[in-house]
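Readers should treat all values here as calculations from the given coordinates under stated rules, not as data from a laboratory. Since this is a predicted model, take the numbers as computed values, not measurements. Counting neighbours? That spans all protein chains shown, and the Cβs are built from the backbone with ideal geometry, glycine included.
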Amino acid sequence: MESFEKVYEVVKSKLSEKRFYHSICVMERAIEYAEIYGVDVEQAKLVGIAHDVLKETPKEYRITEAKELGVELDDIEIKALSLIHSKTGAKFCEKRFGFSEEMCNAIKYHTTGRPNMSTLEKILYLADCTGKDRTYEEAKIGYEIAKKDLDKAMQYFLGKTIEWILEDKSIIHLDTVKAYNFFLK
Ligand SMILES: [Fe+2]
C-alpha cells in the first residue's frame, strides 16, 4: 500500500483548497473515532484523507471516468452524478494506492451508507458528517452521539439525510433507504 505522504500529495493535487481542507477535517475525526472504537488508526487516516479524491471531476466527465476505471453505475447514479465519486473514488484508491477491500468499501459507501456496515465504514460516513468544517447544528449533535454510539449516530444522520434529500427534491439512493431501515432496528 502507498505511504500516507504519497496519498496526501495525490489527493491534494486533485482537490481545491476548500475540499482538501474538508478532507483534513474528515481525517481528523476518523482518527478520533478509530481511537475510541479500537479500529486501525492508519486505515482510518488514509480513508479520511482520500474519500473525496475524485469529487471534483467535472460533471460531464464522471460517467466516462467510471467506465475507464471499470466501475458499473446503477440507474440512480446515472441521474445523481454527485453519488458517482464514492464508487469511482473507491476504485481509484484500490488501483492507485492499493487500499484494502474494507478501506475501499468505506469510501464506496461514505455517501449513501448501507446495511451491515463495518466499523470502519461507519467511522468514515460519520467523520464526513461531523468534521469541524461542518458548521450546521446537526454536525455538533451528531458528533456528540458518534463519540458514544456509532449505530445511533448512523440512525440520526441517515434520517437527517433523507429529510434533506426530500426538501431538496433530489433522488434517494436505495442503499440510503436500506441503511435507514437497518439502523432503525
Ligand atoms: Fe466528504
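When the range 1-40 is filtered for residues that are within 16 Å of the ligand (Cβ to nearest atom), within 21 Å of residue 140 (Cα to Cα), in contact with an Asp or Glu (Cβ under 9 Å, 6 or more places away or on another chain) and touching a residue at least 12 places away in the same chain (Cβ under 8 Å), the ones remaining, listed by number, are 19, 21, 22, 23, 24, 25, 26, 29, 30. Among residues that are within 16 Å of the chain's Cα centre (by Cα) and in contact (Cβ under 8 Å) with a residue 24 or more places away in the chain, residue 184 is not included. How many of the residues in the range 41-61 are surrounded by 18 or more Cβ atoms within 10 Å (Cβ to Cβ) and within 16 Å of the ligand (Cβ to nearest atom)? Residues that pass the stated criteria total 13. Can you confirm whether residue 28 is over 29 Å from residue 151 (Cα atoms) and either crowded, with 21+ Cβ neighbours inside 10 Å or of a type in the set (Asp, Glu) (or both)? Here the answer is no, as residue 28 does not meet what is asked. Within this structure, residue 15 passes the test of being more than 21 Å from residue 113 (Cα to Cα) and among the aliphatic types (A, V, I, L, M). The number of residues in the range 118-141 being within 16 Å of the ligand (Cβ to nearest atom) and part of a loop (DSSP other than H, G, I, E, B) comes to 6.
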